[in-house]
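Everything below concerns the one structure shown next.
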Amino acid sequence: MSLEDVALQRVEELSHRFMIQVVRTNYEGVIKAIRLHDLLRDLSIQKAKEQSFLQIYTPLSNSDSSRVSTFAIQPRRAACYSSTVLPKQIPHLRSLILPTRSSISHSSFSCKETLNFQFVSQNYKLLRVLSIWGIKTVSGILPKQIGRLLHLRYLEVRATNITVLPSSIGRLSNLLTLDYRDIDVQNNEHIENVKILIPNVFQGLVLLRHLFLPTECPWSVQELNLSNMRNLQTLWGLRLDNNSSCLMRELPKLSTSLKKLNIIMSNENELKAAFHCPSLLDDVLHTFRIELRDGLVLHNVKPLHLQKHLLKLTVIGEIQMKLMLILPVNLVRLEFKNSMIKHADPMDALGALGHLKQLYLSNAYVGTTLSCRSGSFPQLEELYVENFPSLNTWTIEKGAMSCLKKLDISRCWCLSSVPRGLDLVTTLDQLEFFDMPHAFRTQAIKYGWAPQKLMLPHNFASIIKHSDSPVYCSSIRKLYEQLTHDIFLNNKTKANTSALSI
């Protein structure tokens, strides 16, 4: 049993004891998001302080820092809600988490704080976990002092302006997870010239299990050896564009233990190399996400339909091959975005997937008619359909989608009525629709359905139009969450959402 399996097992035990509340699970029932009741949270914090298990530091409670030294046993875990309140008298600190304002609001436009990495490396030499969100540096470079934390197992550097990793990261031989996503370059006037500098030091991180790399900007990589990481299970955000020569040589050498792979590519050679990854050839890959750029289309690749262990597939880009050849038989989650399928109704092939539970389709079909045949989609529970520009007729036969619980339709401007036969889907308990024709809304309300009761600002269309980063409208709830958390708003439009309320 792996470390990840043990952790999930412990979370399951807490949920069975009603110590935590489950917010969201995935298609397998695995807990993905939790929350605590406020009374239990207060009790947990109190007991953590009494037993010196954890100390929480906030700008409003600086007095806590002065009390730390009075503890019989100093806590080995600290959560600091500001980089200005780092504990100063805990040399044996093992875990340091900085959920700064930027991480709480998930906004790249919040005022970022600076972090004294030299202080961290000198005073917390025994750190095993370091998680920093929303921290900035003057130079945009992660200081080389990070290499002094030789005991690090988990390093998370997210939502920062750091675009250069130091070569000293190669000294972190005990590292199990490196999460380097969500680089903030929004405020840079020359975004197109910003490049991520990644040193060729990963060959020394032989214990690394999970590697998350940034995709916001191009990389500046001369050489990047990945073949020595034989324990690697997750490789997320591998950009082949502009790095083809060195990274294409590494793809056939990747670990066969790899279970999750996310690749961005822009030419035919890169596409072929991605489909000849060893874990894909050996049928051990669990999650595969590919993003096609610069006009690259998916065609003439190694078929995936015989893959038995591939459960999650995401394709971002145009598809010009028979769907049945790229759909693994045991697929449970599928996402097509900008696939622009032209020649055939995709529901015929998709409906034959007997284990499919979640299906996301965005700009995936340019035809006018969809038809779900009887017996199709036998296990499907959630269906999201967005931006089908020409769709005007959708028929669901009796016996189709027999387990469907949620249907989300948005931006299908030619679809003037709810899918014919939807009333035959007796398991459906949630229908969400957004930015649909007036006739569609009228009919849906007549049948007893209603749009999500989430009040969006009156000028939300203008906010989306002038947004600084991608806007995900596959669900009105997702859009509402983005608006309320300022995920994609710039300084000019942020104030417009201040009056949002449910």
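If you scan the stretch 397-424, which residues turn out to be within 20 Å of Val332 (Cα to Cα) and open to solvent by 10 Å² or more (accessible area, probe 1.4 Å)?
Residues satisfying the conditions are Gly399, Ser402, Cys403, Lys405, Lys406.
Do you know which of the residues in the stretch 16-55 that are closer than 28 Å to Leu93 by Cα and polar (S, T, N, Q) is surrounded by the most Cβ atoms within 10 Å (Cβ to Cβ)?
Gln55
Limited to the stretch 312-342, what total is found for residues that are β-branched (Val, Ile, Thr) and in a strand (DSSP E or B)?
5
Restricting attention to the stretch 140-180, and to residues there that are out of contact with any Ser or Thr (no Cβ under 8 Å at 6 or more places or on another chain) and of a type in the set (Gly, Ala, Ser), which single residue is nearest to Pro199 (Cα to Cα)?
The selected residue is Ser167.
Determine if the stretch 383-396 includes at least one residue that is open to solvent by 40 Å² or more (accessible area, probe 1.4 Å), under 21 Å from Val332 (Cβ atoms) and either hydroxyl-bearing (Ser, Thr, Tyr) or at pLDDT below 95 (or both).
no
In the stretch 1-15, what residues are open to solvent by 80 Å² or more (accessible area, probe 1.4 Å) and part of a loop (DSSP other than H, G, I, E, B)?
Within the stretch 1-15, just Met1 meets the criteria.
Could you please let me know if Glu291 is loosely packed, with under 15 Cβ neighbours inside 10 Å and either farther than 25 Å from Pro378 by Cα or among the polar types (S, T, N, Q) (or both)?
Against the criterion (loosely packed, with under 15 Cβ neighbours inside 10 Å and either farther than 25 Å from Pro378 by Cα or among the polar types (S, T, N, Q) (or both)), Glu291 does not qualify.
Of all the residues that make up the stretch 360-390, how many are under 29 Å from the mean Cα position of the chain (by Cα) and farther than 18 Å from Lys322 by Cβ?
Adding up the residues that qualify gives 16.
Residues that are over 28 Å from Cys246 (Cα atoms) and touching a residue at least 24 places away in the same chain (Cβ under 8 Å): does the stretch 158-175 have at least one?
no
Give the stretch 212-250 a look and list any residue that's open to solvent by 40 Å² or more (accessible area, probe 1.4 Å), among the charged types (D, E, K, R) and at pLDDT 85 or above, or say none.
Arg230
Out of all the residues in the stretch 276-285, which are open to solvent by less than 60 Å² (accessible area, probe 1.4 Å) and either outside any loop (DSSP other than H, G, I, E, B) or out of contact with any helix residue (DSSP H, G or I) (no Cβ under 9 Å at 6 or more places or on another chain) (or both)?
Pro278, Ser279, Leu280, Asp283
So Ala352 clears everything in (1) under 22 Å from Gly399 (Cα atoms); (2) surrounded by 15 or more Cβ atoms within 10 Å (Cβ to Cβ); (3) touching a strand residue (DSSP E or B) at 6+ places or on another chain (Cβ under 9 Å) except one condition, right? Which one?
(3)
I'm told Ile319 meets every condition in (1) closer than 21 Å to Leu422 by Cα; (2) surrounded by 17 or more Cβ atoms within 10 Å (Cβ to Cβ) except one. Can you identify the failing condition by its number?
(1)
Could you tell me how many of the residues in the stretch 162-183 are open to solvent by less than 20 Å² (accessible area, probe 1.4 Å) and modelled with pLDDT under 90?
Here the count works out to 2.
Could you check, for the stretch 78-100, whether at least one of its residues is part of a helix (DSSP H, G or I), surrounded by 11 or more Cβ atoms within 10 Å (Cβ to Cβ), modelled with pLDDT of 90 or more and β-branched (Val, Ile, Thr)?
Within the stretch 78-100, not a single residue is part of a helix (DSSP H, G or I), surrounded by 11 or more Cβ atoms within 10 Å (Cβ to Cβ), modelled with pLDDT of 90 or more and β-branched (Val, Ile, Thr).
Could you give every pair whose Cβ atoms fall below 7 Å, whose first residue belongs to the stretch 367-381 and is in contact (Cβ under 8 Å) with a residue 24 or more places away in the chain and in a loop (DSSP other than H, G, I, E, B), and whose second residue is among the β-branched types (Val, Ile, Thr) and open to solvent by 30 Å² or more (accessible area, probe 1.4 Å), counting only separations of at least 6 or pairs across chains?
Thr368/Thr393
May I ask you to say which residue of Lys259, Lys253 is surrounded by fewer than 22 Cβ atoms within 10 Å (Cβ to Cβ), basic (Lys, Arg) and over 22 Å from Leu331 (Cβ atoms)?
Of the residues listed, the single one that is surrounded by fewer than 22 Cβ atoms within 10 Å (Cβ to Cβ), basic (Lys, Arg) and over 22 Å from Leu331 (Cβ atoms) is Lys253.
Please count how many residues of the stretch 310-335 are under 21 Å from the mean Cα position of the chain (by Cα) and farther than 22 Å from Asn269 by Cα.
Qualifying residue count for the region: 8.
Do you know which of the residues in the stretch 435-462 that are at pLDDT 75 or above and small (Gly, Ala, Ser) is least open to solvent (accessible area, probe 1.4 Å)?
Once the filter is applied, the top-ranked residue is Ala444.
When the stretch 136-151 is examined, which residues are found to be open to solvent by less than 10 Å² (accessible area, probe 1.4 Å) and touching a strand residue (DSSP E or B) at 6+ places or on another chain (Cβ under 6 Å)?
Hits for the stretch 136-151: nothing passes.
List every residue pair whose Cβ atoms sit under 6 Å apart, with the two residues 6 or more apart in sequence or on different chains, where the first one lies in the stretch 137-157 and is in contact (Cβ under 8 Å) with a residue 24 or more places away in the chain and the second, anywhere, is of a type in the set (D, E, K, R).
Final answer for the pair search is Gly147/Arg171; His151/Arg128; Arg153/Arg128; Glu156/Asp179.
The values are calculated or read from the model by the stated rules, or taken from the named source; none is laboratory data. Since this is a predicted model, take the numbers as computed values, not measurements. With ideal geometry, Cβ positions are generated from the backbone for all residues, glycine too; neighbour counts draw on all protein chains shown. Heads up: the accessible areas ignore ligands, DNA and RNA and are worked out on the full protein's heavy atoms, side chains in. Shrake-Rupley method; radii C 1.70, N 1.55, O 1.52, S 1.80 Å.
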